[in-house]
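Colleague: The structure under discussion is supplied below as structure tokens; questions concerning it will follow.
Where a number appears in this text, it was derived from the coordinates with a stated rule and is not lab data. Treat the numbers as computed from the prediction; the structure is a model and nothing was measured. Backbone-built Cβ (ideal geometry, glycine too); neighbour counts: all protein chains shown.
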Amino acid sequence: MKTHPPRCRPTWTALAFLILLSPTALLAQAGGPNCDDYDPHRSPFFGDLHVHTSFSMDTLYFLGNPESDPNAAYRFAQGDPIGFPPIDPAGNPAFTVQLERPLDFAAVTDHAEYFGEVRICETPSHPGYDSPECQVFRSGNIPAAFFEWFFPLTTTDPDPERFDMCDGDPSCLELARTVWEETRAAAIAADDPTSMCEFTTFVGYEWTANTATSNLHRNVIFANEQVPELPVSFLDAPRVEELHDAIETDCIEAGTGCDALIIPHNPNLSQGRMFLPQSFDGTPFDAADAERRARMEPLVEIIQHKGASECHPAFSPSDEECAFEIVPLTNNALPPGADQPPVREGSFARDGLKFGLEQREDLGVNPFEFGFVGGTDDHNAAAGDTEEEGFSGHLAAIDSSLPGRLAQVSANPGGLTVIWAEENSRESLFEALRRREVYATSGTRPVVRFFGGFRYDANMCGNPSFAARGYAQGVPMGGELDAPGLSARGQAPRFAVSALRDQGTLARPGAPIERIQLIKGWVDERGHAQEKVFDLVVAPEGGSDSLCTVWSDPEFDPDAPAFYYARVLEEPSPRWHALQCDAAGVDCSQPDLVPDHLSNCCAADIPREIQERAWTSPIWYYPES
Amino acid sequence: MPALPRLLRAPLLHFLALGGLLLAAGAVFDSGSANDPIVVTDAEIAVLHAEHRRFHQREPDARETGQLVRAWIDQEIKVREARRLGLADDDLLIRRRLAEKMEVLLPEDREGEIPPSDLYARALELGLDRNDAIVRGRLVQRLEMGWAREHGPVRASEPELRAYLEANRERFQRPGAARVSHVFVGGPGVGARATQILSELRSSDAGTEVAPTAGDPFLAGHHLPMRSERRLEETLGTAATELAFAAPPGEWVGPVESAWGAHLLWIHERREKSLPAVDDVREQLLRGLAEERRAERIRRATIELRDAYPVELRVEDPLLHARLAHLARSPDTPTEDRWARLETER
């Protein structure tokens, strides 16, 4: 029996009916179930689903601001300033940072592994306060703290141990309950309960698995306030399968109204393990495993502070855009300066999508049918802080100074998640995440639509009801192409992409759009996945404020399963390090005069200009459908 | 300190008097710091400058220097007060911290032999607690916790909640919202085209049903639902949003420009920004008030404490000296006016 991820067929029918019924249906909108600005054709909402606060152990042992808790993160996301480390002995932050444009939604995702342990290390009356681990934690010796606290997360032990202090009274798990409740309370307090729907929060956390030094980290995002009593961490469930089991048992099937989805990040640091279609013990996926993987993990974070994970030049040599924000790291458990192992296939989203098609040939199910999101992975509770010029780091005191940032010059300010949803409510946004109608940006805010179908007009871009037609006659990003139908049999599918440049702000206008590309992956007759990049439209010199195009696949093979996703590039703009080094007066034409701690300003392999971009979630084509 | 006649409150006189007293009493008191004035010299200021430079890559300006010195003085005052209240004596963290420091000084063959309580006592004798950042931070924390403690749940009257809501309008304000339709013109010559379309629309008395076809396609569509100011800005840009909240509804107005071209607007309905009722945001008001009261208690207690711990300034630059002298006695950081006055007084 063929299985597919849940489809929203009834909604499309209702939508078409609504449109056909009345031309004024779009007018005089009385608002939807929750929000005044309900729009049945959906509008874009910008947010960050990957944020760490002072509840995360590394925020604190990186000497972050102890006052930057989840409440502070949600206030920052809405436009309030937040204090950045280092914090002086009087408790004052070194400086404050503020978003120029607030976010529409955010999720705080602190590391669940050490919720209780961190609390113990902060509570002098607890017997565990003076344990060796807590002393190291508070010592300010970052390499020591990293080794003491992060290394246990690389274990392959099927039953990882916690620190001895955890058996004290109260125990780690009892304290973790308190921390989790505070996390949930912060999300509830910040979520806009009125029909203005200005801001939405999601309760979430990070499952921080670094098994055998491979980064297999995943963020768990809950649909609503009905969450399990405790978040399941790597120390409780060190295998992905166990995490999935726990989420199913404690949440999805618990009958409490709980729902959740899981978003992996940094496959670029997974040493090829993120998209292996097998369980930890090496058993290959069967159809049930594949179906569960696709259902529980419908999205992947492909851009964040620790690099881009779309594709790699080594495996996509003809796509020069794959070099964008690649970090020269493959193993994040090694100390700085150590030799890094070579990059492995299976560490990038495009690999995963291709493997997924191949797996579907064998199993009948695609385990890696995922859309794209962007995030920051910030550890200052500074949700959505992606601006290049003012970039103040994402690792607390490690990079809150320019020299600190330059020590990791290949890192970037991170990206954003953009959701196409009817309204800014949890229900609407979460459903959109589930159906993958989302795209990732590298930090800016271009607006991008992507539709695929067999019945689109070639001149759809000239039609004022572009979006309405897009939905009525095909599927949006994240969807699966409908069957061509008798009349369209033998024809190639058409894809419509429309992009508006990020308008930016008065101080910093956005860059115009330079081009729209389409990346296609398919399985050839021998069962091997292939890929190709198409330039759909290139703007004239200087870029365009908007670009729109309809493209038909010239190489379409109706018997070949395929995925298609759009990549929209902006005109080049200065990278953060170029802006900040120039402001610091660094002149790379005189290298001898550049002080040591700023020498990475002149790093030859990092471009001074980048093309910010958006990646839409793919649309899939399967022959039998 | 009891209220003193105006002359006797003059800072300089105060300092001299106390200094003189101490000189005379020097023989009687120990080198215990509790009763010495807090001394600010150029050396302390240089250290504060260096720290600032390290993180901000530039020197602090005069006002920032004042704030840094104020913060440093306040911390010293609180550390002394905490010691005076005996908060250091029973604190597990401080005892352990100092015992650890002493262990470092022990010869290796005597490690583990001496009980921590003896080590702690010896550390105190040696004054190892004087400049320890962890001990100081801990003392300030305990002192402030004592001041801030509120017994029982937060209580506030209706007038208090209303006043807090008023005082924090911006945070609680429900933004204004508008429902508009628009004609969009992209590409070259937008201004002229838009103006032409506007006159055509007006002369033909056209309503908003023509919006999608009178100009060019627009990604977000031509009939927008009720949107807040902020969301409208995201969709149509700043100029269009300003117009949406200024122009009369029920007619074509514009053109205004956005990042993508020019727009003509028709405003269907508009809702001005408003403050929610106390009941709608009661939880947040209570939380905010509690936080405010906590901070206020600490602030007031700090100010009161300043009278008990005199400050002695030994700073070369006379203007900086004057500024800091003013700071040392004023209940708050000087405002811009006062700084400006000090400048002209120079």
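Colleague: Residue by residue through B:181-190, how many Cβ atoms from other chains fall within 10 Å of the Cβ on average?
Modeller: Whole-number average of other-chain Cβ neighbours for B:181-190 is 1.
Colleague: Average partner chain C-beta neighbours within 10 Å, per residue of A:401-411?
Modeller: Going residue by residue through A:401-411 and averaging, the value is 1.
Colleague: Could you work out [θ]222 nm for chain A from helices alone, using -39500 (n - 2.57) per DSSP H run of at least four and dividing by all its residues? Round to the nearest 500 deg cm²/dmol.
Modeller: My calculation for chain A gives -6000 deg cm²/dmol from helical runs alone.
Colleague: Note down the net charge around A:ALA397, summing +1 for each Lys or Arg and -1 for each Asp or Glu among other residues with Cβ under 12 Å from its Cβ.
Modeller: Taking every other residue near A:ALA397 into account, the sum is -1.
Colleague: Then there is this: May I ask you to list the GluC sites (Glu not before Pro) in the stretch A:509-607 that are in a DSSP loop and have at most 16 other Cβ atoms within 10 Å of their Cβ?
Modeller: When the GluC sites (Glu not before Pro) of the stretch A:509-607 are filtered for loop state and at most 16 Cβ neighbours within 10 Å, A:GLU525, A:GLU541, A:GLU555 remain.
Colleague: Oh, and also: What are the ³J(HN,Hα) values, in whole Hz, obtained from phi via the Karplus relation 6.51 cos²θ - 1.76 cosθ + 1.60 with θ = phi - 60°, for each residue of the stretch A:359-367 in sequence order, with x given for Gly and Pro?
Modeller: With coefficients 6.51, -1.76 and 1.60, one gets 4, 5, 4, 7, 9, x, 9, 9, x Hz.
Colleague: Here's something else I'd like to know. Just give me a number: lysine pairs in the protein assembly as shown, eight or more positions apart or cross-chain, with C-alpha atoms less than 29 Å apart.
Modeller: The number of close lysine pairs in the protein assembly as shown is 10.
Colleague: So, one more: May I ask you to evaluate 6.51 cos²θ - 1.76 cosθ + 1.60, the Karplus curve with θ = phi - 60°, for each residue of the stretch A:135-141 and list the ³J(HN,Hα) values in order in whole Hz, giving x for glycine and proline?
Modeller: 5, 4, 4, 8, 5, x, 8
Colleague: Where a ≥ b ≥ c are the square roots of the eigenvalues of the C-alpha gyration tensor, would you call the protein assembly as shown rounded, which needs a/c under 1.5, or, failing that, prolate if a/b is larger than b/c, or oblate?
Modeller: prolate
Colleague: In peptide A:34-45, what is the residue-averaged number of other protein chain Cβ atoms found within 10 Å of each Cβ?
Modeller: Per-residue shielding by partner chains comes out at 4.
Colleague: Follow-up question, since we're still on this one. What FRET efficiency, computed as 1/(1 + (r/R0)^6) with R0 = 51 Å and r the Cβ-Cβ distance, is obtained for A:GLU361 and A:VAL538, rounded to the nearest 0.05?
Modeller: That gives a FRET efficiency of 0.90.
Colleague: Starting from the Cα gyration tensor of the stretch A:273-393, take the square roots of the eigenvalues, sort them a ≥ b ≥ c, and report rounded, prolate or oblate (rounded when a/c is under 1.5, otherwise prolate if a/b is larger than b/c, else oblate).
Modeller: prolate
Colleague: By its C-alpha gyration tensor, with a ≥ b ≥ c as the square roots of the eigenvalues, how is the stretch A:436-485 shaped: rounded for a/c under 1.5, else prolate for a/b larger than b/c, else oblate?
Modeller: Note, shape of the stretch A:436-485 comes out oblate.
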